[in-house]
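Before any comments, here is the structure.
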Amino acid sequence: MAGLGIWQLLSLVYGPEILPGPIYTAKGGYELLMDGTLLQYIGISSYRVLLGWTLGSLIAIPAGLVIGKVGTIRVFAEPFLNFIRFIPPIAFITLFLVWFGIGETSKVMLIMYATFFIVVLNTLTGVLSVEEDKIRSARSMGASEWQIVLHVIIPATVPYMFTGIRLAMGTSFMAIIGAEMIASNEGVGYLIWNSRLFFRTDWIFVGLICLGFMGFLTDRAVGLLGRKLLSRYGVVSANSLRR
């Protein structure tokens, strides 16, 4: 409540056109809800993020396992991964539009890019962190390399994979907002960018608040799912750690 009070006070000082207060923002959100625009844009952005994030994670996890397990591949792949991961996804928007067009493909591919490098590097780190004694013990008991990967490396790497997946979700939201601002006529990013033309700062604040809730709820859902399904692998939520 104190935060809302300060927000409203600052709005009175600077004016609602510059800094819309909570009441002004709520009215703008209600306006967008009534014409169906807000829910439509939230659904479109969420679909793009979830699709690209899922596909990127599904590709990155096996890639990280292979790179971590096979030393020859790792020698060539690791420098490349550490080089390209410093290039932010938004820097590729123009190229992706040229390569994949202005439709959904370019946006999904951009999110896949944003997801891939985070998940693959976390998975790679997990593979390299597996204690050599565990692998030698499995070999001494007659386990094949495939059995070692399946029963030793993957279970030990699951917490790293899960951490990478959760981190990648935040990057995915940043990527899609940039893409929707530049090359889209739908989505929350488009709402924020297009609102400037009408000087509707209240709509911009509505979009920002929606992004916060979308990210928060998605992260909580992924955390809950991981805690329920992967707790035996040592995956715990931040709430569990605080308790």
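Each value in this text was obtained by applying a stated rule to the coordinates, not by laboratory testing. Please read these numbers as outputs of a predicted model, since none were measured by experiment. In this analysis, Cβ positions are derived from the backbone assuming ideal geometry, glycine residues included, and neighbour counts consider all displayed protein chains.
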How far is helix 71-84 tilted, in degrees, relative to the longest principal axis of the Cα atoms in the chain, given as a value from 0 to 90 rounded to the nearest 10?
20
Give me the one-decimal nm value for the distance between modelled label points at residue 98 and residue 150, 7 Å along each residue's Cα-to-Cβ direction.
4.6
Could you compute the FRET efficiency for residue 1 and residue 33, with r as their C-beta to C-beta distance and R0 at 35 Å, rounded to 0.05?
0.90
At 7 Å along Cα-to-Cβ for each site, give me the label-to-label distance between residue 85 and residue 47 in nm.
3.2
Given the Cα-Cα distance of residue 222 and residue 167 and 0.36 nm per residue of separation, how much length would full extension add, in nm?
18.7 nm
So, R0 is 51 Å and r is the distance between the beta-carbons of residue 134 and residue 23; what FRET efficiency does that work out to, to 0.05?
0.30
Using helices alone, what [θ] at 222 nm do you get for the chain, with -39,500 (n - 2.57) per DSSP H run of 4 or more residues, divided over all residues and rounded to the nearest 500?
-26000 deg cm²/dmol
Listed highest first by mean packing, meaning other Cβ atoms within 10 Å per residue, what order do 53-66, 189-202 come in?
53-66, 189-202
Rg to Rh for the stretch 1-94: what is it, with Cα atoms only and Rh by Kirkwood?
1.25
Rg to Rh ratio, the stretch 68-198, alpha-carbon atoms and Kirkwood radius?
1.15
